[in-house]
Structures are given as structure tokens and as C-alpha cells.
Amino acid sequence: MKTIHRLLNKYSLPGPRYTSYPAAPYFSKRFNEKTWREELETNQNKERGLSLYLHIPFCDTLCYYCGCHMVATRNYARAESYLDLLIKEIDLIAAFISPGRVVRQIHWGGGTPTYLRPDDIRRLSKHITGRFAIAAGAEIGCEVDPRELTEDHIAALKEGGFNRLSLGVQDLDDQVQRSVNRVQPESLVRKVYGWMRKTGFNSINFDLMAGLPHQTVASFSTTLDKIIDMSPDRLAVFNYAHLPDRIKHQKLIQTADLPDFSTRIELQILIHEKLSAAGYADIGLDHFARTGDELFKARQNKTLWRNFQGYTTHKECDIFAFGVSGISQTEEVYAQNLKTLDAYAERIGEGKLATERGLRATLDDKIRRDAIMQIMCGLELDKSDFSKKWQIDFDHYFSDALQELKNLEEDGLVEAPPEKIRVTATGHIFLRNIAMTFDFYLKQAETEKPKFSKTV
Ligand code: SF4
């Protein structure tokens with residue numbers, strides 16, 4: 001126990017979450033609407049599937065911890081206008097896609113996708129189905145907020161072909177909920193969860209959050225017991241990142257109410273112990289799944305991958321994102337949309353792509369991305385296979401990283417026999433730190449570094 005405390009203390013450093021490499025703060029405005037259009041015109045690799053992401057930015061109220069691109073409003077007319085724009089953007093992008101390409105994954109995120117009224121969920125789903133060829137068995141997922149939700153929302157999602165739902169829970173403790181302005185009693189969570197199961201959803205994820213104000217080891221232990229009792233298929237337990245200088249509304253959270261560092265460490269240990277005892281396998285960063293779940297199987301088969309929605313079983317897909325702040329990704333580029341509603345509305349209204357910034361990956365970016373993703377997803381890297389794949393001498397190319405990894409090896413986070421780099425059981429908690437050793441951008445001058453959340 002003493003050792004893990006020491007390690008958590010030592011490795012709690014700012015760093016990317018590696019939903020992309022290079023990380024989003026390194027995207028540039030030199031990559032713009034024109035660059036993304038050129039990529040769309042030449043991106044005709046029919047072998048690669050499509051993954052669609054739709055961003056619905058609206059929420060009824062503001063959760064004080066929120067780090068998403070969202071707009072709190074009770075004025076539903078704003079969502080109706082947005083929906084028209086989203087449909088226009090879908091048509092704009094769909095025109096570039098060659099007919100043979102098939103959609104293997106769709107995800108609606110936010111904000112709160114279920115802010116949309118059930119009939120608008122039906123309208124948007126129908127529009128997507130009309131514009132793209134959707135593969136049989138495609139994964140179609142949606143983030144769901146239990147507050148303000150009706151049974152008709154769940155019915156509309158089912159009719160729209162959704163087969164995966166992710167329920168925002170965070171914590172079931174009343175005091176914690178009130179302190180972050182997200183009150184949703186356990187009875188409400190159970191009721192909504194019951195609707196989902198009754199409607200036939202058999203892949204349900206719960207999002208939880210550790211490190212929120214007033215959380216204690218005892219209170220979060222009680223929350224975990226209740227969650228385990230409900231038995232979701234997957235769990236994502238994120239660490240709250242308190243960055244009030246960057247995210248202004250987080251100032252509404254009193255720093256004095258946040259759990260201290262030692263409690264945060266205890267919470268990490270508690271989460272891993274409780275979930276593992278309840279039969280959830282640690283998939284990688286913050287994610288847990290039952291051993292029968294596809295995410296777990298993908299990790300075992302080395303087909304797990306990571307993208308802006310977290311872990312995915314669809315590595316061989318290009319992502320096309322729609323809506324404010326959405327990030328598209330092909331093998332060659334990342335392209336992020338404008339982040340404000342007004343700017344997005346103006347651009348789409350003019351019939352133009354809504355790109356604000358992005359990045360074209362260099363060969364070095366691709367090589368390092370592969371190394372980072374193998375660590376984050378497969379938890380090991382075979383140097384010889386890697387060298388062959390990229391036509392490099394691994395030890396020479398990554399001599400800096402290997403030097404840094406020696407320290408991590410001494411601390412028991414990785415094993416590094418000559419032919420492999422393997423994450424140890426202890427290293428699971430420090431995946432971001434291990435991946436950071438391969439990150440070229442972090443080695444740049446201190447003044448150019450963006451602010452990242454802490455790794456643990
Ligand atoms: S519901 Fe989600 S997106 Fe909306 S404010 Fe809360 S955390 Fe942010």
C-alpha cells in the first residue's frame with residue numbers, strides 16, 4: 001500500500017489522455033476548411049469503415065465539473081435550429097463519401113443528446129440512415145442523462161437502431177450531487193436503467209467520476225456498491241480534473257471541498273479493488289468491462305483502439321464528426337469543427353465545412369501514435385514487429401523513450417526485456433505516464449506546453 005501511494009504521488013503529472021496523438025491542444029489553425037475539403041476529396045479508401053460522431057451541445061443545466069463543449073439552455077428552439085444545421089452538415093459531408101463505404105459505428109455525444117425531444121431523435125436517426133449505408137450489427141451508441149428523460153426517449157433510441165447506451169451517473173451521494181449541481185437521486189437512476197433493460201438494451205455503460213467535492217472513500221464505496229448491484233455491462237470512472245483557470249464555471253466548485261490528494265489516491269485504489277472483485281476487468285485508462293464484453297475481448301485479441309470517444313473496437317474506421325467542436329479523424333489528418341454555435345451556424349449556413357483547426361500527421365506522428373496506442377490499448381509492444389511494420393530500428397528510433405522507461409521499469413510499471421515493452425498490473429493505473437515517454441510534443445520547450453489534466 002505504501003508503494004502505490006509513493007508511485008501515485010510521484011507520477012501525478014499533467015499529461016494528455018491520448019484519445020489522439022498528437023493531442024488536440026497541438027492542432028493548428030493552419031489546418032482549415034480548405035485543407036479538410038482536400039482530404040475529403042482524396043480520402044476514398046473503401047476498405048476503411050466509417051465511424052460517425054454527432055455532437056449535441058445542449059443541456060438543461062450546468063454541472064459545475066463539466067469539461068465538455070456544451071450550452072445550458074431551456075430554450076428548445078435553439079436545439080431545433082441546430083438540428084437543421086446538423087442535417088445540412090451531414091448532407092455536406094455525405095456528398096464526399098464514396099458509395100461503397102459502410103458505417104460500422106455511430107455515437108451521439110454532448111452536451112446531452114437526449115436533450116432532443118423523442119421525435120427529433122427519430123428525425124435525426126432517420127436522416128443518417130437515409131444518407132449512409134449502415135453495416136448490419138453496427139455499434140450505435142448514445143450518451144443519456146437520466147434527468148428530464150422519458151420512456152419515449154428510450155423508445156425513440158431503440159427505433160433509431162441504437163444498441164449501446166451510456167448513462168451519466170457520476171456519484172449517487174446526495175451531498176456530492178448538490179455540490180456539483182447535478183441532482184439525480186438513486187431512485188431516478190434505477191428507474192431509467194430499468195426502462196433501458198426493459199426496452200431490450202443489453203449493452204449499458206455507466207459514467208462515474210472520482211475526485212468530486214465532498215467525496216470520501218466511505219461515500220464513494222457506498223456509491224460503487226449500489227452501482228455494482230445494478231450491474232451495468234461497462235463502467236467508465238473518470239478522474240475529475242479541476243482546471244478553473246481554463247474552465248471558468250469550475251470556479252463554482254470550492255477548492256476546499258475537493259478531496260485531498262491522499263483521499264484521491266485511496267479512491268483510485270478503492271475503484272480498482274471493488275470493480276475487480278465484482279468481476280469487471282480493467283480495460284485500460286478509466287474503463288472497466290465484464291469479461292464477456294466486446295471491449296474486453298478486443299483487448300485480449302489486440303484489436304482495441306482509442307479515439308475521441310474513448311476505447312473502441314473499430315480501429316479500421318475513419319471518423320466523421322458533425323456539430324460544434326466535433327473532431328474528425330482519418331489515417332492522415334485530424335479536423336476539428338468550430339466551437340461556438342454562432343460561428344458554426346454561420347459557416348454551415350453558407351454551405352461551407354465548419355472546420356476550425358486540425359493537423360496533418362507526419363510520418364513521425366504516425367509512428368509515435370502507433371506506439372502510444374499499443375501501450376494504451378494492448379498494454380504491450382513487440383519491438384521487432386514494430387520495427388518491421390515501420391521500417392525502423394526501434395531501439396535507435398526511441399532511444400529517448402527507452403531511457404525514460406528505465407525509471408518506470410525500476411518502479412515496476414513496465415517490464416522491458418530486450419524484445420518487448422509490457423505494462424505490469426501496477427502500470428495499468430499509470431498508462432498515461434508510460435505513453436508520455438513516446439510523446440515528441442511533450443519534449444518541446446516548456447513555454448509551448450498546453451495545460452493538461454493530471455495523469456492520476
Ligand atoms: S450533462 Fe454532461 S455535458 Fe451537460 S453540463 Fe452536465 S456534464 Fe456537462
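The values are calculated or read from the model by the stated rules, or taken from the named source; none is laboratory data. On a predicted model such as this, the values are computed, not experimentally measured, just so you know. In this analysis, Cβ positions are derived from the backbone assuming ideal geometry, glycine residues included, and neighbour counts consider all displayed protein chains.
The table below gives the values:
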{"read-out": "The stretch 65-78 residues that are in contact (Cβ under 8 Å) with a residue 24 or more places away in the chain, paired with ones that are among the charged types (D, E, K, R) (beta carbon under 6 Å, 6 or more apart)", "value": "His69/Lys339"}
{"read-out": "Selected residue (only one of Ala281, Ala277, Ala289 is of a type in the set (A, V, I, L, M, F, W, C), under 22 Å from Met373 (Cα atoms) and out of contact with any Ser or Thr (no Cβ under 6 Å at 6 or more places or on another chain))", "value": "Ala289"}
{"read-out": "Hits in the stretch 383-414 - residues which are over 20 Å from Tyr441 (Cα atoms), touching a Leu at 6+ places or on another chain (Cβ under 7 Å) and acidic (Asp, Glu)", "value": "Asp411"}
{"read-out": "Within the stretch 153-178, tally of residues that are within 14 Å of the ligand (Cβ to nearest atom), touching a strand residue (DSSP E or B) at 6+ places or on another chain (Cβ under 6 Å) and not β-branched (Val, Ile, Thr)", "value": "4"}
{"read-out": "Evaluation of Leu359 against (1) outside any loop (DSSP other than H, G, I, E, B); (2) modelled with pLDDT under 95 (one fails), failing number", "value": "(2)"}
{"read-out": "Residue in the stretch 33-53 that is within 16 Å of the ligand (Cβ to nearest atom), surrounded by 15 or more Cβ atoms within 10 Å (Cβ to Cβ) and either closer than 28 Å to Tyr441 by Cβ or among the small types (Gly, Ala, Ser) (or both) present", "value": "yes"}
{"read-out": "Options Lys248, Lys198, Lys226; residue that is modelled with pLDDT of 95 or more, of a type in the set (Lys, Arg) and loosely packed, with under 14 Cβ neighbours inside 10 Å", "value": "Lys198"}
{"read-out": "The stretch 226-256: number of residues that are touching a helix residue (DSSP H, G or I) at 6+ places or on another chain (Cβ under 9 Å) and without any contact (Cβ under 8 Å) to a residue 24 or more places away in the chain", "value": "1"}
{"read-out": "Failed condition for Tyr344, given (1) within 23 Å of Val102 (Cα to Cα); (2) in contact with a strand residue (DSSP E or B) (Cβ under 8 Å, 6 or more places away or on another chain); (3) of a type in the set (Ser, Thr, Tyr)", "value": "(1)"}
{"read-out": "Only listed residue being away from the ligand (no atom under 16 Å from the Cβ), touching a Pro at 6+ places or on another chain (Cβ under 9 Å), in the same structural domain as Asp318 (by TED's automatic domain parsing) and β-branched (Val, Ile, Thr), chosen from Thr129, Thr150", "value": "Thr150"}
{"read-out": "Segments classed as helices (runs of 4 or more DSSP H), wholly inside the stretch 1-109, with at least 2 members that are among the acidic types (Asp, Glu), over 24 Å from the mean Cα position of the chain (by Cα) and closer than 17 Å to Asp318 by Cα", "value": "33-42"}
{"read-out": "Qualifying residues in the stretch 110-122 (those that are part of a helix (DSSP H, G or I) and either within 14 Å of the ligand (Cβ to nearest atom) or touching a Ser or Thr at 6+ places or on another chain (Cβ under 6 Å) (or both)) - the one nearest to Leu54 (Cα to Cα)", "value": "Pro113"}
{"read-out": "Residue in the stretch 54-61 that is touching a Pro at 6+ places or on another chain (Cβ under 6 Å) and modelled with pLDDT of 95 or more present", "value": "yes"}
{"read-out": "Residue in the stretch 412-445 that is nearest to the chain's Cα centre (by Cα), counting only those that are acidic (Asp, Glu) and farther than 21 Å from Pro22 by Cα", "value": "Glu415"}
{"read-out": "Residues of the stretch 296-324 satisfying the condition of being over 14 Å from the mean Cα position of the chain (by Cα) and surrounded by 24 or more Cβ atoms within 10 Å (Cβ to Cβ)", "value": "Phe320, Phe322, Gly323, Val324"}
{"read-out": "Failed item in (1) more than 26 Å from Ala210 (Cβ to Cβ); (2) within 16 Å of the ligand (Cβ to nearest atom), with Ala94 passing the rest", "value": "(2)"}
